[in-house]
2 protein chains.
Amino acid sequence: MVNTKILLDEAEIPTHWYNVIADMPNPPAPYLGPDGKPVTPEMMSAIFAPELIEQEMSTQRWIQIPQEVREILKLWRPSPLYRAHRLETVLNTPAKIYYKYEGVSPAGSHKPNSAVAQAYYNKIAGIKRLTTETGAGQWGSALSLAGNLFGLEVRVYMVKVSYEQKPFRRSMMQTWGAEVLPSPSNLTQAGQQILSHDPNCPGSLGIAISEAVEEAASRRDTNYTLGSVLNHVLLHQTVIGLETRKQLEKVGDYPDVIFAPCGGGSNVGGMMFPFLADKAAGKAIRLVAVEPTSCPTLTRGQFAYDYGDSVGLTPLILMYTLGHDFVPPGIHAGGLRYHGDSALVSQLYHEGILEAIAVPQLATFKAGVLFSKAEGIIPAPESNHAICAAIDEALRCKTSGEQKTILFTLSGHGHFDMLAYDKYLSGELVDQDYPEEILQAALQNLPKIHG
Amino acid sequence: MVNTKILLDEAEIPTHWYNVIADMPNPPAPYLGPDGKPVTPEMMSAIFAPELIEQEMSTQRWIQIPQEVREILKLWRPSPLYRAHRLETVLNTPAKIYYKYEGVSPAGSHKPNSAVAQAYYNKIAGIKRLTTETGAGQWGSALSLAGNLFGLEVRVYMVKVSYEQKPFRRSMMQTWGAEVLPSPSNLTQAGQQILSHDPNCPGSLGIAISEAVEEAASRRDTNYTLGSVLNHVLLHQTVIGLETRKQLEKVGDYPDVIFAPCGGGSNVGGMMFPFLADKAAGKAIRLVAVEPTSCPTLTRGQFAYDYGDSVGLTPLILMYTLGHDFVPPGIHAGGLRYHGDSALVSQLYHEGILEAIAVPQLATFKAGVLFSKAEGIIPAPESNHAICAAIDEALRCKTSGEQKTILFTLSGHGHFDMLAYDKYLSGELVDQDYPEEILQAALQNLPKIHG
């Protein structure tokens with residue numbers, strides 16, 4: 001009997017996170033303040049826990065995972081690595097396909113890997129409350145779960161249109177005890193200002209970030225948390241790639257190519273960074289970020305300093321960006337609708353170490369349905385991007401006869417996204433890609449650096 | 001580091017199902033036809049595959065699981081057994097609590113364990129199509145998954161009110177390629193008859209069964225499948241209890257009491273039957289079925305011959321029943337809204353080998369939320385019944401100081417049931433228990449046996 005799942009014991013949950021900065025050919029560019037000068041740890045301490053700021057700036061290769069965090073990770077980790085025997089048969093490919101399934105967490109995605117660590121460090125820093133923003137609710141639910149497990153209050157500013165249209169992830173957050181507010185709200189100056197101009201404003205991720213940051217900055221007992229983009233978030237997600245390495249070792253295999261969906265970069269960093277040193281040492285491994293053609297940050301954006309949020313409250317980050325006021329169309333892979341990208345992912349892509357491709361929405365759902373029928377699991381729309389690229393690669397192998405080993409991240413299940421599948425199956429879903437002129441227009445608004 | 005999950009290798013998926021009939025003190029009473037005479041295999045062959053009929057009537061203790069079925073089970077089995085460390089701490093109980101988590105299947109519940117076996121046996125019997133009924137969609141989605149994996153067409157008659165109000169499990173079935181029809185439909189005589197009287201009929205499980213059975217009986221290439229109640233369904237579910245026994249052996253433990261939610265009996269049979277021989281051999285183990293007070297089949301029903309469906313198309317089954325025309329209130333644990341119960345579970349309860357208790361809806365949601373906050377996983381409303389009973393037992397242990405080992409089945413996750421949590425959290429949910437007079441009235445309509 002050939003194994004379908006490659007499992008690890010709980011004792012094999014990584015003891016340390018891997019910090020890719022130690023192995024990057026060039027150090028990442030610093031975050032800049034409004035004055036064009038590098039942001040200091042002191043400036044960040046108004047809204048972040050000290051250990052998280054230290055991790056954000058650390059150059060140490062291995063950072064120990066606190067025992068308290070590992071204890072919580074045991075509720076769902078190590079996550080299974082699957083050999084996709086049935087998908088290989090359906091595709092009739094000589095390639096071997098593996099996928100790491102992160103949908104086994106109680107929130108149904110990889111997001112809790114960092115939420116648990118962030119909640120823990122805030123707890124030991126004496127913080128009582130956490131704020132964050134959420135769109136469709138994947139990160140908000142992860143933080144609600146983690147905050148509850150460490151006895152912290154959580155307030156989630158949820159983009160109003162999602163709050164009203166997608167009530168089920170909201171209910172999930174509330175079940176774990178979080179307070180969920182439609183954003184813009186009346187509780188912050190940012191929210192009040194926007195509502196005074198437009199009382200029916202449907203909200204945006206940028207506005208929700210502004211509200212969550214404003215509240216955290218104004219209250220001593222409260223900190224802010226983010227679910228992607230930042231170095232420490234990607235650091236926490238490296239448990240994904242570290243476990244995968246061990247699992248592949250158990251079956252004597254190694255990937256020729258890895259695909260992960262790419263929004264802010266937490267999947268890409270989490271899976272690929274632990275394989276990066278091998279590449280530097282000469283291993284022929286391709287690391288490919290997969291983004292939507294409707295939000296093509298890496299493939300069509302510009303490598304420049306830009307704000308992390310829409311209204312310009314955050315420091316400036318050197319990253320691939322479509323412009324901080326770029327509003328991507330309402331595709332169903334909500335987690336990939338971000339104008340920018342992690343500084344680390346951006347720099348590694350800029351230096352040719354990571355690759356990137358963009359795939360259109362319809363193709364991703366076609367791939368997701370094919371995958372569901374072969375492997376059973378119905379994937380999140382974000383995950384369908386990696387699946388789409390992996391299937392294309394497997395079909396290329398069919399043509400070429402190559403017996404490549406393909407690995408991808410199945411970052412979450414699609415049980416909260418069935419409306420999207422419904423629309424795809426009924427033929428209502430369309431590709432929503434932006435013409436060059438619109439992309440170019442948004443790039444005109446990049447901030448000027450007064451350095 | 002103490003383990004949270006007790007895992008098995010794929011090679012430890014059971015090789016045989018356990019047939020409890022071999023160890024029952026008295027053989028189960030036969031199913032009876034309309035003439036009061038026992039139903040023969042020939043009569044069943046119009047709608048069931050030959051191997052399933054054989055299993056339905058078998059007295060053999062162990063029945064081999066086909067390799068093809070085990071290969072599919074590997075997509076999610078063995079399922080994890082959790083030691084509920086965090087729940088124990090929250091309850092401050094000296095009891096040890098274990099739960100077997102069946103929500104890891106692609107459909108999110110234990111139902112695929114039998115769906116895969118039923119699809120397989122129909123496939124090798126040359127059947128091309130399967131029909132079934134579904135209420136909220138848990139069984140329909142399991143059969144859609146399984147049918148697709150074996151290349152069978154699946155048609156699901158879904159109770160119309162659920163079809164319209166709960167679109168997401170429908171989308172799930174359609175993603176796996178099944179055809180889902182609102183019932184009553186115009187495709188069957190049963191459906192046409194009902195629609196001619198009431199064009200706006202919202203449907204019921206009884207009507208949907210009639211439609212699915214009628215279609216299967218009228219087409220040679222088509223068979224019918226059922227997700228609970230029948231002996232062969234409970235047989236297939238014994239992988240749950242068999243795995244659990246092995247997992248507890250690994251940590252040197254054994255349950256003093258087992259709780260499982262009870263609707264048609266597939267959870268109770270699946271988890272408890274493999275422990276039954278121990279009880280007969282003198283082990284002091286309690287096996288407790290947990291049902292809703294709003295559908296109290298075992299605790300307030302009558303042990304009598306009754307129909308399995310509402311309109312009287314099925315054979316007569318000797319079981320605990322509330323009367324085949326009893327319509328339970330619309331509680332959110334849709335899987336427990338069945339007027340009758342498995343013949344095997346009924347007889348074992350009648351003989352005092354199994355126990356049963358009933359719990360009200362609000363208490364089950366209170367227990368489910370407490371569990372979610374401690375253990376992370378948000379349970380299905382059905383599972384909350386077992387959780388409620390397990391927590392009560394753990395709190396009794398706190399009072400008495402007993403260090404009991406408590407085991408329960410967490411039969412599925414609640415990701416498709418967040419509306420129910422929403423209503424509970426917002427205070428809209430109420431207990432809907434039936435007064436004695438109504439229960440007595442339904443029991444007046446039990447069929448007369450012309451034996």
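A short reminder: the numbers here are calculations on the coordinates, not readings from a lab. Not measured: the values here are computed from a predicted model. Here the Cβ positions follow ideal geometry from the backbone for every residue, glycine too, while neighbour counts run over all protein chains shown.
Farthest toward the dipole's positive end in region B:98-167, which of B:ASN148, B:GLY103, B:MET158, given Cβ charges of +1 (Lys, Arg) and -1 (Asp, Glu) about the Cα centre?
About the Cα centre, the residue reaching furthest to the positive side is B:ASN148.
Taking the Cβ of each residue in A:CYS201, B:CYS397, B:CYS388 as the centre, tally the other Cβ atoms inside 10 Å and list the residues starting with the fewest. Numbers along the way, then the final one.
Numbers: A:CYS201 16, B:CYS397 23, B:CYS388 27.
Listed from fewest to most nearby Cβ atoms, that is A:CYS201, B:CYS397, B:CYS388.
If you scale each eigenvalue of the Cα gyration tensor by 5 and take the root, what three semi-axes come out for the protein assembly as shown, rounded to whole angstrom and sorted largest first?
48, 28, 27
Roughly how many nanometres apart are two label points built 7 Å out from the Cα toward the Cβ at A:ALA284 and B:GLU164?
6.2
Under a 5 Å amide H to amide H cut-off, with H placed in plane at 1.01 Å, what residues pair with A:ILE6 once short-range neighbours are removed?
A:LEU81, A:TYR82, A:ARG83
Percent relative contact order of region A:112-226, based on C-alpha pairs within less than 8 angstrom and at least six residues apart? Each step should come with its number before you reach the end.
Details: 223 pairs, mean separation 35.5, N = 115.
Computed over region A:112-226, the figure is 31 percent.
Per residue of region B:220-236, what does 6.51 cos²θ - 1.76 cosθ + 1.60 with θ = phi - 60° give for ³J(HN,Hα)? Whole Hz please, x for Gly and Pro, Karplus curve as stated.
Per-residue couplings from phi come out as 5, 7, 10, 10, 9, 9, 10, x, 7, 6, 6, 4, 5, 5, 5, 4, 4 Hz.
In chain A, which longest range has no trypsin sites (Lys or Arg not before Pro) that are both DSSP loop (not H, G, I, E or B) and surrounded by at most 15 other Cβ atoms within 10 Å?
No qualifying site falls inside A:284-447, the longest such stretch.
Take the Cα coordinates of region A:112-226, assign each an equal point scatterer, and use the Debye formula without solvent to give log10 I(q)/I(0) at q = 0.22, 0.23, 0.24 Å⁻¹.
Debye output, listed in q order: -1.14, -1.22, -1.29.
If you stretched the chain out fully between A:ASP431 and A:ASN3, how much longer would it get, using 0.36 nm times the residue separation minus the C-alpha to C-alpha distance?
150.3 nm
Label position 7 Å from Cα toward Cβ: report the copy-to-copy distances for A:MET43 in nm, one decimal, ordered from shortest.
Spelled out, the distances from A:MET43's label point are 8.3 nm.
Quickly work out the A:ARG61-to-B:PHE303 label distance, labels modelled 7 Å from Cα along the C-beta direction, and quote it in nm with one decimal.
Computed distance between label sites B:PHE303 and A:ARG61 equals 7.0 nm.
What shape does chain B have by the C-alpha gyration tensor, where a ≥ b ≥ c are the square roots of the eigenvalues, rounded means a/c under 1.5, and otherwise prolate means a/b greater than b/c and oblate the rest?
Numbers: a/c = 1.40, a/b = 1.30, b/c = 1.07.
In terms of gyration-tensor shape, rounded.
Counting alpha carbon pairs within less than 8 Å and at least 6 residues apart, what relative contact order, in whole percent, applies to chain A?
Normalised by residue count, the contact order of chain A is 19 percent.
Let me spell out the model: positive unit charges on the Cβ of Lys and Arg, negative unit charges on the Cβ of Asp and Glu, origin at the Cα centre of the protein assembly as shown. What dipole size does that give, in debye rounded to 20?
1120
List, shortest first and in nm to one decimal, how far the label point of A:GLY151 (7 Å from Cα along Cα→Cβ) is from its counterparts in the other copies.
With the label placed 7 Å along Cα→Cβ, A:GLY151 yields 5.9 nm.
Could you work out how far helix B:381-400 tilts from the main Cα principal axis of chain B, as a 0 to 90 degree angle to the nearest 10?
30
Which of rounded, prolate, oblate describes region A:52-167, given a ≥ b ≥ c as roots of the alpha-carbon gyration tensor eigenvalues and a/c under 1.5 marking rounded, otherwise prolate only if a/b is larger than b/c?
On the way: a/c = 2.42, a/b = 1.43, b/c = 1.69.
It is oblate, given that a/c is not under 1.5 and a/b is not larger than b/c.
Using each residue's phi in region A:314-319, evaluate 6.51 cos²θ - 1.76 cosθ + 1.60 at θ = phi - 60° and report the 3J(HN,Hα) Karplus result to the nearest Hz, with x for Gly and Pro.
Per residue, the Karplus-derived 3J(HN,Hα) values read 7, x, 7, 10, 7, 7 Hz.
How do A:ASP23, B:ASP198 rank when sorted from fewest to most other Cβ atoms within 10 Å of their own Cβ?
Ordered from fewest to most neighbouring Cβ atoms within 10 Å, A:ASP23, B:ASP198 come out as B:ASP198, A:ASP23.
Within chain A, which is the longest segment that contains none of the GluC sites (Glu not before Pro) sitting in a DSSP loop with at most 12 other Cβ atoms within 10 Å?
Formally, the longest exposed-site-free interval is A:1-350.
Could you give the length gained on full extension between B:GLU42 and B:GLU249, defined as 0.36 nm per residue of separation minus the Cα-Cα distance, in nm?
Using 0.36 nm per residue and subtracting the Cα-Cα distance, I get 70.3 nm.
Give the percent of DSSP beta bridges with both residues in chain A that are antiparallel, rounded to the nearest 5.
35
How would you classify region A:330-449 from its alpha-carbon gyration tensor, with a ≥ b ≥ c the square roots of the eigenvalues: rounded for a/c under 1.5, else prolate if a/b is greater than b/c, otherwise oblate?
oblate
Between A:MET24 and residues 5 or more places away or on another chain, which pairs have amide H atoms under 5 Å apart, with H built 1.01 Å from N, and which residues are they?
The answer is none.
How many percent of the alpha carbon pairs in region A:193-332 exceed a separation of 21 Å?
Of all Cα-Cα pairs in region A:193-332, 55 percent lie more than 21 Å apart.
Taking the dipole about the Cα centre of region B:112-226, with the C-beta of Lys and Arg at +1 and of Asp and Glu at -1, give me whichever of B:ALA178, B:TYR224, B:GLN189 is farthest to the positive side.
Of the options given, the answer is B:ALA178.
To the nearest 10 degrees, how steeply does helix B:266-280 sit against the main Cα axis of chain B, on a 0 to 90 scale?
Tilt of helix B:266-280: around 60 degrees.
Distance in whole Å from the B-onto-A rotation axis to the closest C-beta of chain B, together with the residue it belongs to, please.
Per the Cβ-to-axis criterion, the result reads B:HIS415, 2.
Please list, in order along region B:355-365, the HN-Hα scalar couplings obtained from phi with the Karplus expression 6.51 cos²θ - 1.76 cosθ + 1.60 (θ = phi - 60°), rounded to whole Hz, x for Gly and Pro.
Whole-Hz 3J(HN,Hα) from phi for region B:355-365: 9, 8, 9, 10, 10, x, 4, 4, 5, 5, 6.
Taking H as built 1.01 Å from N, whose amide H comes closer than 5 Å to the amide H of A:ALA358, not counting residues under 5 places away?
A:GLU291
If the label for A:SER218 sits 7 angstrom from Cα along the Cα-to-Cβ line, what are its distances to the same label in every other copy, in nm to one decimal, shortest first?
Label point to label point, same position, other copies: 6.7 nm.
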